[in-house]
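One structure below.
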Amino acid sequence: MLSFCVGLIGCNQQNSAPAPKTLPAVTVAKPVTKQIVEWDAYTGRLEAIDFVEIRARVSGYLKTTHFDEGQIVDKGDLLFIIDPRPYQAELNGARASLSQANSQLIQAKAQLEEAKAQYQQSEAQLVLSTAQLNRARSLKSKNVTTQDELDQQEAAYLQAKADHEASQAGISSAKATIETAKAVIEAAKAKIETAQLNLDYTRIYAPVAGRISRKNVSEGNLINGGTANSSLLTTITSVKPIYCNFDANEQDVLKYIRSAQAGKRASSREAKNPVFLGLIDETGFPHKGHMDFVDNRFDPDTASMRARCVFPNKDQVLIPGMFARIRIPGSAAYDAVLIPDSAVGTDQSVQYVYLVVNDVVQRRTVKLGPIVDGLRVVREGLTGGESLIIEGLLQVRPETRVQSQAGVIEVIEDGLPDDYEPLPPEQWISPAPAPTPHPAAGTAKVTSIIDSRGAVQ
């Protein structure tokens, strides 16, 4: 019995001996190195390039409507007709006034010809009276004629002179009447043009192509037109292409400015940099466009600058008012080191990773950038050849030995390119500005009579 107890005690002592300590197991992988572009993320709102409020330019009763509500209309399509009868009557009256003015011009020209004939007759009579007066004075000096006859000749001369001056005044009056008639004709033509415009305005056409809204006024209602409070008949929004507005903060704008100054990234003010867009129900960014506009100042209320991009919208999926996720190039293409966020630890304001060197854990401080292809960009701290711990961070401490097994860092492609170039002019979507009009004929005529010193010749 005693020997059995002694053996039992010996067995218990052998079972209680400490087991050998196992090393923590971690998964390591080399960081991903690849060429990337940092695509900056923004949230934008879609906006129609053209949004037109259709208002009447003349007043009257709405006669007919010629479109289907909510459908696409082309530029120049007839939309509304306002009762044209009052404006047709106004046009007829203006044309009658022009005919009357033309008749007055003809009459004034006839008066001018009559005045010229009277002038020639009075001039001949003045010559005759002058000769007769000179003859009477010569005879009187020789006492051949009487004083009474001389007085009669002098009176006849004065009458002829007065008639001559009156005929001259008649010519001037006739010329003035002609100019007045011409002015009345021009005024009548202007009235005709105005009346014709008003008559044309009774037919309202679509000024742009796009999707039309509902009609706000039914047939038979009186429309107020041509004023600041003109009746709103409907609206049209263009559908393709389409704008997307977004705001960038001061830090991002300064980043773009510094990058452009360093020659690393072309400024979107000067180059049409590509932009990618995705809607709330879309995976990735299937819509491609380009930058179109950058504002000239920061909004003092939001401390942000408004920018705009444009998309072709050929399938008309993009609708004004929608929110959209957009990506714009925040850098030029460069070779980067990428790691998963799960491999990053934080110690107060310091970010770090764990590396395995000769089965020993080492801590490395890193400076991180944005996420690209599902991985975090490492700006400083790693070169890409290290053994990075990607799993098991909570089990290790610096300078401890570990058991490591190989793992793989998965790259999740976001569909955005790893390089880009500004779009060439033939691929621009932005609407072209209207051509500069040539100077009017009257302007050119006035300019031609000004000398090099600025004086009118």
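Got a sec? Which of 233, 199 is open to solvent by less than 30 Å² (accessible area, probe 1.4 Å), farther than 28 Å from residue 109 by Cβ and part of a helix (DSSP H, G or I)?
Exactly one of 233, 199 is open to solvent by less than 30 Å² (accessible area, probe 1.4 Å), farther than 28 Å from residue 109 by Cβ and part of a helix (DSSP H, G or I), namely 199.
Please work out if residue 45 is of a type in the set (Lys, Arg) and either part of a helix (DSSP H, G or I) or without any contact (Cβ under 8 Å) to a residue 24 or more places away in the chain (or both).
no
Might you check whether a residue that is open to solvent by 70 Å² or more (accessible area, probe 1.4 Å), outside any helix (DSSP H, G or I) and modelled with pLDDT under 90 occurs anywhere in region 202-215?
The answer is no; no qualifying residue exists.
Test each condition in (1) within 30 Å of residue 290 (Cα to Cα); (2) open to solvent by less than 90 Å² (accessible area, probe 1.4 Å); (3) at pLDDT 90 or above; (4) not acidic (Asp, Glu) for residue 431 and report the one that comes out false.
Among (1) within 30 Å of residue 290 (Cα to Cα); (2) open to solvent by less than 90 Å² (accessible area, probe 1.4 Å); (3) at pLDDT 90 or above; (4) not acidic (Asp, Glu), the lone unmet condition for residue 431 is (3).
Would you check if there is a residue in region 299-311 being farther than 16 Å from residue 427 by Cβ, among the aromatic types (Phe, Trp, Tyr) and surrounded by 16 or more Cβ atoms within 10 Å (Cβ to Cβ)?
no
Of the numbered conditions (1) over 28 Å from residue 252 (Cβ atoms); (2) free of Cβ contacts under 8 Å to residues at least 60 places away in the same chain; (3) not in a loop (DSSP other than H, G, I, E, B), residue 399 satisfies every one except a single condition; which is it?
(3)
Since residue 222 meets every condition but one in (1) more than 30 Å from residue 294 (Cα to Cα); (2) out of contact with any Phe, Trp or Tyr (no Cβ under 8 Å at 6 or more places or on another chain); (3) open to solvent by 70 Å² or more (accessible area, probe 1.4 Å), which condition does it not meet?
Among (1) more than 30 Å from residue 294 (Cα to Cα); (2) out of contact with any Phe, Trp or Tyr (no Cβ under 8 Å at 6 or more places or on another chain); (3) open to solvent by 70 Å² or more (accessible area, probe 1.4 Å), the lone unmet condition for residue 222 is (2).
In region 327-351, what residues are farther than 30 Å from residue 422 by Cβ and either buried (at least 18 other Cβ atoms within 10 Å of the Cβ) or without any contact (Cβ under 8 Å) to a residue 12 or more places away in the chain (or both)?
Selection gives 339, 340, 343, 346, 347, 348, 349.
Taking residue 30, is it modelled with pLDDT of 60 or more, open to solvent by 90 Å² or more (accessible area, probe 1.4 Å), farther than 22 Å from residue 211 by Cα and over 25 Å from the mean Cα position of the chain (by Cα)?
Yes.
Report whether or not residue 364 is over 14 Å from residue 33 (Cβ atoms), open to solvent by 10 Å² or more (accessible area, probe 1.4 Å), of a type outside the set (Gly, Ala, Ser) and modelled with pLDDT of 90 or more.
The answer is yes for residue 364.
Identify all residues within region 263-297 that are in a loop (DSSP other than H, G, I, E, B), open to solvent by 70 Å² or more (accessible area, probe 1.4 Å) and hydrophobic (A, V, I, L, M, F, W, C); write none if there are none.
280
May I ask you to say which residue of 176, 188 is in a helix (DSSP H, G or I), surrounded by 15 or more Cβ atoms within 10 Å (Cβ to Cβ) and either at pLDDT 80 or above or among the aromatic types (Phe, Trp, Tyr) (or both)?
Answer to the check: 188.
The values are calculated or read from the model by the stated rules, or taken from the named source; none is laboratory data. Keep in mind that this is a model prediction, so the values were computed, not measured. Neighbour counts are summed over all protein chains in view; Cβ atoms, including those assigned to glycine, are modelled from backbone coordinates with ideal geometry. Ligands, DNA and RNA are excluded from the accessible area calculation, which covers all protein heavy atoms including side chains. Shrake-Rupley method; radii C 1.70, N 1.55, O 1.52, S 1.80 Å.
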